[in-house]
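Structure first, then comments.
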Amino acid sequence: MALTTSTMLSLGTQAPNFHLPEVVSGEEISLASFTDKKALLVMFICRHCPFVKHIQRELSQLGKDYTNSNLGIVAISANDAKNYPDDAPDSLKVMATELDFQFPLCYDETQETAKAYTAACTPDFFLFDAELKLVYRGQLDDSRPSNGKPVTGADLRAAIEAILAGKSITNEQKPSVGCNIKWTSGKEPSYLG
């Protein structure tokens with residue numbers, strides 16, 4: 001496990017489009033799936049990472065809390081499923097079902113979507129406004145598997161509440177920390193170099 005932090009993509013960046021299969025329904029998900037929302041949260045997660053396991057109940061709760069809101073949520077797993085079978089679509093489907101995710105969990109087999117978002121770790125969070133401009137990227141909260149702090153979702157939830165209320169979000173944002181995305185052999189993106 002290589003401890004990795006978010007790349008902290010520049011605020012104001014336009015959300016890259018994607019077309020990915022959702023692991024439970026098989027339905028194709030894209031930015032157009034969320035056109036009726038005031039904000040969009042894109043989360044890069046996986047099943048095997050201890051950092052994601054540490055917060056997975058909060059991710060599920062987040063989905064439930066914002067089901068009937070103006071926030072769209074999509075989770076994406078981009079890990080190399082050949083070498084990390086826990087992150088293959090069938091396994092991700094089990095994860096989404098067991099955790100009762102109220103948002104789509106997609107699989108990025110080519111890893112092109114992860115690269116377009118400059119995703120680096122699991123978990124990695126990107127929050128966009130109604131114009132699909134990046135307003136928050138960084139951590140869920142200060143909790144880590146080994147630091148004893150409770151999982152609250154405080155940082156991400158504060159950003160979500162602000163954007164939904166039409167308020168500004170502080171530019172002082174802490175990077176997310178987790179396992180590195182498991183890139184297909186020889187395909188690690190240049191932004192990590």
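For the range 107-120, does any single residue satisfy the condition of being crowded, with 19+ Cβ neighbours inside 10 Å and closer than 20 Å to ARG157 by Cβ? Spell out the reasoning first.
Pass one, the range 107-120, residues crowded, with 19+ Cβ neighbours inside 10 Å: 107-108, 111, 113-115, 117-120.
From the residues that got through so far, the ones that are closer than 20 Å to ARG157 by Cβ too are none.
Scanning the range 107-120 turns up no residue that is crowded, with 19+ Cβ neighbours inside 10 Å and closer than 20 Å to ARG157 by Cβ.
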Subset of the range 3-49 that is among the polar types (S, T, N, Q) and not in a strand (DSSP E or B) - its residue that is surrounded by the fewest Cβ atoms within 10 Å (Cβ to Cβ): SER10
Residue match in the range 93-103 (condition: on the phi > 0 side of the Ramachandran plot and either among the acidic types (Asp, Glu) or touching a residue at least 40 places away in the same chain (Cβ under 8 Å) (or both)): yes
Qualifying positions in the range 139-164 - in contact with a strand residue (DSSP E or B) (Cβ under 9 Å, 6 or more places away or on another chain), surrounded by fewer than 22 Cβ atoms within 10 Å (Cβ to Cβ) and not aliphatic (A, V, I, L, M): ARG144, ASP155
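Given the options SER10, SER30, SER77, name the one that is small (Gly, Ala, Ser), in contact with a strand residue (DSSP E or B) (Cβ under 8 Å, 6 or more places away or on another chain) and under 12 Å from THR122 (Cβ atoms). Give the derivation first.
On the way: SER10 fails: under 12 Å from THR122 (Cβ atoms); SER30 fails: under 12 Å from THR122 (Cβ atoms).
Within the list SER10, SER30, SER77, the selection yields SER77.
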Residues that are within 28 Å of ARG57 (Cα to Cα) and exposed (fewer than 11 other Cβ atoms within 10 Å of the Cβ), drawn from the range 169-193: THR170, ASN171, GLU172
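Would you mind stating whether PRO89 is surrounded by 17 or more Cβ atoms within 10 Å (Cβ to Cβ) and in contact with a Gly (Cβ under 8 Å, 6 or more places away or on another chain)?
No.
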Complete set of residues in the range 145-174 that are in contact (Cβ under 8 Å) with a residue 12 or more places away in the chain and over 26 Å from SER69 (Cβ atoms): PRO145
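Every number here is computed from the coordinates shown, using simple stated rules; none is lab data. Predicted model, so just to flag it, every value in this text is computed and none were measured. No Cβ is skipped: glycine too gets one built from the backbone with ideal geometry, and neighbour counts run over all protein chains shown.
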